[in-house]
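Worksheet for the structure shown next.
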Amino acid sequence: QVQLVESGGGLVQPGGSLRLSCVASGNIFSINTMAWYRQAPGKQRELVATLTSGGSTNYADSVKGRFTISRGNAKNRLYLQMNSLKPEDAAVYYCNADSNLATYWGQGTQVTVSS
């Protein structure tokens, strides 16, 4: 089992920045890939960025060049640095972890982009 807890969401003005964090606990050595997803009201949950255990990253076209996914030195922390935020980035952001046996989700953290 893996538990994920996100933090770092909040209200930011357009053009601003936020850094989301996700702390993983439990059987973290079973994790292969970690990712950030987001879900805006009335929309489906969408993939924002992924980071494999080998260090490869992938981003949604809508966030390329603005968001950066990274993992802490302790390997149990996942980050999402979000720069140049736009109103359309507003959503609940979820941390995700995939092992060979299961997929795990955090409870989400709200990001609001508004002036």
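The values are calculated or read from the model by the stated rules, or taken from the named source; none is laboratory data. All values reported here derive from a predicted model rather than from experimental measurement. So basically every Cβ, Gly included, is an ideal-geometry build from the backbone, and we count neighbours across all protein chains shown. Quick note on the areas: whole protein, heavy atoms, side chains included, nothing else; ligands and nucleic acids left out. Shrake-Rupley method; radii C 1.70, N 1.55, O 1.52, S 1.80 Å.
Figure legend: label point modelled 7 angstrom from the Cα of SER114 along Cα→Cβ; residues of region 28-44 with amide N under 13 Å from it are 41. Here the accessible area of the chain is 46 percent carbon and sulfur, with a 1.4 angstrom probe and all protein chains present. For TYR94, the shell of other residues with beta-carbons less than 11 Å away shows a net charge of 0, using +1 for Lys and Arg and -1 for Asp and Glu.
Relative to one another, the C-alpha centroids of region 1-67 and region 76-104 are positioned 1 Å apart. Available extension along the chain between SER70 and THR33 is 12.2 nm, counting 0.36 nm per residue and deducting the alpha carbon span. Quick check: net charge around ASN83, other residues with Cβ under 10 Å of its Cβ, Lys/Arg +1 and Asp/Glu -1? My count for the surroundings of ASN83 gives +2. Taking Cβ atoms as reference points and 12 Å as the exclusive limit, the residues near ARG66 contribute a net charge of -1, counting Lys and Arg as +1 and Asp and Glu as -1.
Hey, can you find the accessible area per residue of the chain for me, probe 1.4 Å, expressed in square angstrom?
That works out to 53 Å² per residue.
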